[in-house]
Amino acid sequence: MPQNSSKNHSSNQQLDVTGPTPKSPRTKMVRSSDDNEKKNLVKKLKDIEISVPIVYGNIAFWLGKKASEYQSHKWTVYVRGATNEDLSVVVKRVVFQLHSSFNNPMRVVESPPFELSESGWGEFEIAITLHFHSDVSEKPLHLYHHLKLYPEDDSGSLSVKKPVVVESYDEVVFAEPSEGLFARVQNHPAVIVPRLPAGFSLPPVPAEDADKRKRIDPKDNPLTQWFTNFSEADELLKLAAARQQVQAQIARVRRQLSLIDGQHQQQLKPPSEL
Amino acid sequence: MDAKDILGLPKISLPIPQEKKSRPQKDSQRKPDGISREVYALTGGVAPLMPSIDVNQLKKRQQPENEKITWEWLSFTNSARKDDLKLYHWVRVVNGTPPSGDYSFAKYNKSVDVIKYTDEEYEKHLTDDSWTKEETDQLFDLCERFDLRFVVVADRFPSSRSVEELKNRYYSVSRAILIARAPSPADVSGHPLVKEPYNISQEIDRKRALSMVLSQTKQQERKDAEILSEAKKIMESRMAAKAAQDAELAVTSNTSPEGMEKTTAPVETASPSNVQATSGVAPLMSMADNAASAAASLRMLRVYLRTYALDQMVQAASSSAGLRTIKRVEQFLQELKVNLKPKVPTKAVCAEHLELRKEILTLLNLQKLLQNKEEGSSYREGSYTETPDTPKDRSFIPDSVSFGAISTERVGKRDQKRKGPGREAPSSPAQSNKRPRKLKATDS
């Protein structure tokens with residue numbers, strides 16, 4: 001299939017993306033088992049949730065002069081911790097399901113960094129499956145990411161130096177984690193752990209040596225420089241401002257309603273009184 | 001009689017001459033022999049005039065008088081006993097001849113026929129790595145003694161083996177012997193032992209699951225019941241959504257495995273429902289999908305994405321609103337420069353987003369209410385029912401009524417976006433409008 005360099009958003013044969021693609025991908029839940037074991041470590045902490053903020057997406061470099069008809073871009077799809085922390089504390093492995101035109105379309109990444117690099121020419125949807133450690137969850141979690149190679153603007157300014165980066169932020173929530181899991185991850189930077197209410201005591205878990213824990217060094221991964229920094233502060237501010245506006249309007253409408261009600265009362269009175 | 005005494009009512013005697021005759025009779029009957037007066041009173045005081053049981057219905061004793069019946073103390077033997085013990089009991093002798101036949105309870109002496117194997121058979125078919133011949137012999141001996149009560153056998157077994165292991169050995173040996181002795185495999189293929197062999201791992205699992213169910217606390221029972229009902233509700237709503245949607249947005253749901261698993265391993269029921277949440281599904285979720293059940297279903301899933309959770313909660317919150325209202329909420333959000341789906345969905349951001357949506361819904365409802373009230377006041381008709389809480393879009397509102405009440409420029413914009421029949425006078429900031437209209441109403 002001859003390729004137009006400017007706007008070629010059509011993906012390969014069957015995978016036409018119909019309709020507007022939402023900014024954050026659809027999520028597909030999988031059955032999770034309801035485990036009622038009574039062993040202490042497996043005991044569930046009710047009303048407590050652990051969340052792991054993740055970012056997943058892709059980076060694509062145009063190959064410029066070295067681009068051929070079928071290999072125009074070199075791209076990497078990945079799942080990372082939101083602050084570049086090591087996800088292997090909860091994630092056992094990640095499976096990327098590529099388009100069927102690739103060799104071995106099911107790619108498994110067993111160790112961090114959970115990323116996969118390939119070269120190609122087309123954009124398609126990649127199914128990312130996160131498999132967790134057995135004490136975290138029996139069932140995997142599915143994410144979907146639309147691989148983006150070409151920049152949004154149609155100007156066609158493909159540059160070899162500047163890649164196309166599309167990332168999505170999300171948080172994996174583990175509701176009612178087991179005590180063992182909680183103890184294991186409570187000090188890990190990748191995991192957001194709420195404060196336990198007073199009176200809770202956790203079973204002793206061998207404390208991991210902070211040094212032994214693998215830290216992702218920015219120097220190791222050249223892609224780190226392109227990662228977007230997601231900050232919730234901006235969004236929170238906007239939301240707070242919006243809420244204030246809406247609340248003000250609500251107050252105003254309520255006042256008007258009460259005015260009308262008052263007038264109604266007056267209008268209804270004359271027939272009976274006078 | 002006595003009741004009237006207690007109540008203090010006067011004894012009114014019926015003026016029937018018969019009564020007077022029967023009364024002296026009753027008086028004499030009042031002093032029955034043998035039983036106290038109160039007990040006799042329980043029967044009604046007087047014997048019933050009509051017998052309650054028809055004597056003719058009773059079976060006559062089938063004893064022709066030509067026979068002579070005596071009862072004698074005789075000895076008997078019990079064929080169920082191995083010794084020759086002779087015991088004595090009363091025997092009904094008819095015409096001098098004692099009854100014949102075995103002791104009547106001997107027929108209840110049933111026993112299990114435990115298979116007996118010879119040594120050669122053992123060598124040929126029954127050797128096993130984890131069982132010695134001695135152990136197997138002991139097992140079979142105990143089984144025969146205790147009629148296959150494996151719990152007792154397990155207790156008495158010299159080496160400690162679990163009940164399932166003993167059962168497994170016994171049944172596999174019996175099965176092997178059966179097959180070996182059968183002239184052809186077809187003969188025994190109908191035998192239950194051959195058809196359904198003992199499955200030790202399944203049995204262990206089954207018993208474990210059973211004990212877990214038995215030892216469930218009340219709270220867990222309630223939780224399970226709640227989860228199952230949530231699952232059912234979600235299943236139903238998924239079905240409804242599936243029926244109503246296009247093939248493009250295929251919604252999958254796992255239903256039957258859950259039902260089947262319930263019978264085998266009640267504790268290990270998997271929570272149901274694959275879900276693909278898209279924001280367009282909201283109007284089709286017309287079933288009661290309120291926030292509490294959404295939260296419960298999320299908890300049930302154990303692992304989920306924050307964006308998914310937000311979608312669920314948004315749908316739950318707007319379940320009572322029509323499609324048009326939801327679109328208006330989204331328009332509102334866009335005007336407020338808020339992303340429809342937050343870019344950084346942290347816990348706090350999602351909570352704020354949800355609250356914002358709820359507040360916008362409230363605002364829109366209030367605006368509708370205000371509008372209706374205004375119509376009511378300007379037209380002064382009863383035909384416009386003032387029940388403004390219906391969230392459904394009221395398309396019968398005549399467009400000639402301008403949106404005078406709400407004084408923001410946004411309203412003007414929104415009206416223009418509306419796809420209704422054209423409006424002549426787009427709204428203008430309201431306060432000035434309101435007064436003249438009100439005056440008009442009162443003037444007329």
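For residue B:53 and residue B:4, calculate 0.36 nm times their separation in residues minus their Cα-Cα distance, and state this gained length in nm to one decimal. Spell out each step's value before the answer.
On the way: separation 49, 0.36 × 49 = 17.64 nm, distance 3.03 nm.
Extra length from residue B:53 to residue B:4 when fully extended: 14.6 nm.
How high is the relative contact order of the stretch A:52-202, in percent, counting Cα pairs under 8 Å that sit 6 or more residues apart? Kindly include the intermediate steps, with their values, before the conclusion.
On the way: 289 pairs, mean separation 45.7, N = 151.
Relative contact order, the stretch A:52-202: 30 percent.
Let me confirm one metric for peptide B:328-335, namely the mean number of other chain beta-carbon atoms within 10 Å of its residues' beta-carbons. Let's see the in-between values first.
Working: counts 0, 0, 0, 0, 4, 3, 0, 2.
The per-residue average across the peptide is 1.
Compute the Cα gyration tensor for the stretch A:51-114, then decide on rounded, prolate or oblate, letting a ≥ b ≥ c be the square roots of its eigenvalues: rounded whenever a/c is under 1.5, prolate when a/b is larger than b/c in the other cases, and oblate in all that remain. Don't skip to the end; give the middle numbers.
Values: a/c = 3.29, a/b = 1.75, b/c = 1.88.
Judged from the Cα gyration tensor, the stretch A:51-114 comes out oblate (a/c at least 1.5, b/c at or above a/b).
At a Förster distance of 45 Å, what's the computed FRET efficiency of residue B:79 paired with residue B:138, Cβ-Cβ distance as r, to 0.05?
Values: r = 30 Å, r/R0 = 0.67.
The calculated FRET efficiency here is 0.90.
Would you mind giving the mean number of other chain beta-carbons within 10 Å of the Cβ of each residue in A:224-235, as a whole number? Walk me through the intermediate numbers first.
Details: counts 0, 0, 0, 0, 1, 0, 4, 3, 10, 3, 3, 12.
Partner Cβ neighbours, averaged per residue: 3.
Treat each spin label as a single point 7 Å out from the Cα along the C-beta direction, and report the residue B:122 to residue B:71 distance in nm.
Distance between label points: 5.5 nm.
Is the shape of the stretch B:172-250 rounded, prolate or oblate, going by the alpha carbon gyration tensor and its root eigenvalues a ≥ b ≥ c, with a/c under 1.5 for rounded and a/b larger than b/c for prolate? Mind showing how you got there, number by number?
Values: a/c = 5.79, a/b = 1.87, b/c = 3.10.
In terms of gyration-tensor shape, oblate.
Can you work out the Karplus-derived ³J(HN,Hα) for every residue in the stretch B:91-96? Use 6.51 cos²θ - 1.76 cosθ + 1.60 with θ = phi - 60°, whole Hz, and x for glycine or proline.
Rounded to whole hertz, the list is 10, 7, 9, 9, 6, x.
Would you please classify the overall shape of the stretch B:105-216 from the alpha carbon gyration tensor, given that a ≥ b ≥ c denote the square roots of the eigenvalues, rounded means a/c under 1.5, and beyond that prolate means a/b larger than b/c while oblate covers the rest?
Working: a/c = 1.40, a/b = 1.34, b/c = 1.05.
It comes out rounded by the Cα gyration axes.
Through the Karplus equation 6.51 cos²θ - 1.76 cosθ + 1.60, θ set to phi - 60°, convert the phi angles of the stretch B:109-114 into ³J(HN,Hα) values in whole Hz; use x for Gly and Pro.
Rounded to whole hertz, the list is 7, 8, 9, 7, 8, 7.
Dividing the convex hull volume of the Cα atoms of the stretch B:159-200 by its residue count, what figure in Å³ per residue is obtained? Before the final figure, lay out each step's value.
Values: hull volume 2.1 nm³, N = 42.
Value for the stretch B:159-200: 50 Å³ per residue.
What FRET efficiency do you get for residue A:248 and residue B:245 if R0 is 41 Å and r is their Cβ-Cβ distance, rounded to the nearest 0.05? Let's see the in-between values first.
Working: r = 38 Å, r/R0 = 0.93.
In this case the efficiency is close to 0.60.
In nm, to one decimal, how far is the residue B:334 label point from the residue B:362 one, both placed 7 Å along Cα→Cβ?
Here the modelled spin labels are 2.6 nm apart.
So for the pair residue B:105, residue A:135, with labels modelled 7 Å out along Cα→Cβ, what separation do we get in nm?
Placing both labels 7 Å along Cα→Cβ, they lie 6.1 nm apart.
Based on the mean of other Cβ atoms within 10 Å per residue, sort peptides B:187-197, A:135-145 so the most packed one is first. Don't skip to the end; give the middle numbers.
Working: B:187-197: 12.2, A:135-145: 20.1.
Averaged packing, sorted descending, gives the order A:135-145, B:187-197.
FYI, it's all coordinate maths here, none of it is from the lab. None of the values given here were measured: they were computed from a predicted structure. Neighbour counts run over all protein chains shown; Cβ positions are idealised from the backbone, glycine included.
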